[in-house]
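The values are calculated or read from the model by the stated rules, or taken from the named source; none is laboratory data. These figures come from a predicted structure and were not determined experimentally. Neighbour counts are summed over all protein chains in view; Cβ atoms, including those assigned to glycine, are modelled from backbone coordinates with ideal geometry.
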Amino acid sequence: MVHRNAPLSETGRLRLARCVVDDEWPLRRAAERFQVSPNTAKRWADRYRVEGPAGMADRSSRPHRSPRRTAAPIERKVLHLRAKRRWGPARIGGRLGLAASTCHAVLRRAKAPRLAHLDRATGRPIRRYEHAAPGDLVHVDIKKLGNIPDGGGWRTQGRRQGKLNRTATKGHATDRWGGARLGYAYLHTAIDDHSRLAYTEILDDERKETAAAFWQRAQTWFSAHGIAVRRVITDNGSCYKSFLWRDTLRDLGVSVKKTRPFRPQTNGKVERFHRTMTEEWAYAKPYSSETARRAALPAWLHAYNHHRHHTALGGPPANRVPNLSGQNI
């Protein structure tokens, strides 16, 4: 891309040089015609005489020598800490006594991948994938959240008041140590791999019967949005390894896929969705009760699907579903 203040493109340089060399224009006349200085006209004409049209291309402005560049042994130390510890420029600079900008320049010259693009366990670049069309693959998973007692839990009220609220909440259970136990909310989620369109229900458990019934409703919801689901991927939870789950999806014409053991990254899109849901809905504000938190879920879910800008998509998930009604609601 030519700089907006550059008087000549490569084509313009070639025209100027040919006017001077081939047509024998005086330098001042050519400079006035192309609105540059005579020195600039001479530089391009001289380069054309030596290199021809290929000499009109841009050249690197990098100096031939960089005497103040970081020494090679120090660069090796920076790269060693990055590979072994997986530290960022600031931490590497603190260990070696270097400026973070210097460490960043070393990592950039070495084309080291960003930490966000590495698997933290192995240090290898993450191989990301995305299916070509909605419905090609749907990720399914369950997120467990503690229920909020009436009056607020310990996150907003403190340990003492939170415990009192939990004990006073109607319908609480008692654990084996005699303490109050409100139980958990189980978020069953299905998210489309291509569009990231998400469907979530809050249910009371994660048994196989509950998971199978959830998927039947989820598939109906996806069908209503114009998505024909062909394959589903889950982790190796007990409800997803059951014959009931397998038979339910098979009867609906959906193939079943499992993640590799100890590789949650394979189901990373729904894992990341649950993290977003936790930050932006579950703990986004101090809810006074579990009822209030659950009542806020449908509005947040609609905003996520239709209005929230998804950084990996450049827009909301609904934009990736052809002919989806209600995109602008």
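Of all residues in the range 160-214, count the ones that are outside any strand (DSSP E or B) and at pLDDT 65 or above.
Total meeting the criteria: 22.
Kindly list the number of the only condition in (1) part of a loop (DSSP other than H, G, I, E, B); (2) modelled with pLDDT under 90; (3) surrounded by fewer than 13 Cβ atoms within 10 Å (Cβ to Cβ) that fails for A284.
(3)
Just a yes or no: is a residue in the range 30-49 in contact (Cβ under 8 Å) with a residue 12 or more places away in the chain and over 19 Å from P7 (Cα atoms)?
Scanning the range 30-49 turns up at least one residue that is in contact (Cβ under 8 Å) with a residue 12 or more places away in the chain and over 19 Å from P7 (Cα atoms).
For the range 192-209, which positions are among the acidic types (D, E), free of Cβ contacts under 8 Å to residues at least 24 places away in the same chain and touching a Leu at 6+ places or on another chain (Cβ under 9 Å)?
E201
Identify all residues within the range 40-87 that are over 30 Å from the mean Cα position of the chain (by Cα), closer than 21 Å to A105 by Cα and of a type in the set (A, V, I, L, M); write none if there are none.
Of everything in the range 40-87, those that are over 30 Å from the mean Cα position of the chain (by Cα), closer than 21 Å to A105 by Cα and of a type in the set (A, V, I, L, M) turn out to be A71, A72, I74.
Given the conditions (1) in a loop (DSSP other than H, G, I, E, B); (2) farther than 17 Å from T200 by Cβ; (3) not charged (D, E, K, R), which single one is not true for Q265?
(1)
Of all residues being closer than 18 Å to N39 by Cβ and not small (G, A, S) in the range 1-13, which is modelled with the highest pLDDT? Just the residue, please.
R13
Only one of (1) under 25 Å from Y129 (Cβ atoms); (2) surrounded by fewer than 13 Cβ atoms within 10 Å (Cβ to Cβ) is not met by P316, so which one is it?
It is condition (2) that P316 fails.
What helices (runs of 4 or more DSSP H) completely inside the range 1-111 contain at least 1 residues that are out of contact with any Ser or Thr (no Cβ under 6 Å at 6 or more places or on another chain) and hydroxyl-bearing (S, T, Y)?
Values: elements: 10-21, 27-34, 38-51, 72-85, 89-96, 100-109.
Result: 10-21, 38-51, 100-109.
Specify which of the listed residues (R28, R47) is farther than 30 Å from G93 by Cα and touching a Gly at 6+ places or on another chain (Cβ under 6 Å). Steps first, answer last, please.
On the way: R28 fails: touching a Gly at 6+ places or on another chain (Cβ under 6 Å).
When all the criteria are applied, what remains is R47.
Please find, within the range 234-262, the residue that is surrounded by the fewest Cβ atoms within 10 Å (Cβ to Cβ) out of those that are assigned to a helix (DSSP H, G or I) and of a type in the set (D, E, K, R).
Checking each candidate, the answer is D251.
Cβ contacts < 8 Å: first residue closer than 16 Å to F222 by Cα, restricted to the range 248-270; second residue of a type in the set (K, R) and assigned to a strand (DSSP E or B), any location; separation 6+ or different chain. Result?
Sorted first by the residue in the range 248-270, then by its partner, the pairs are V254/R231; S255/R231.
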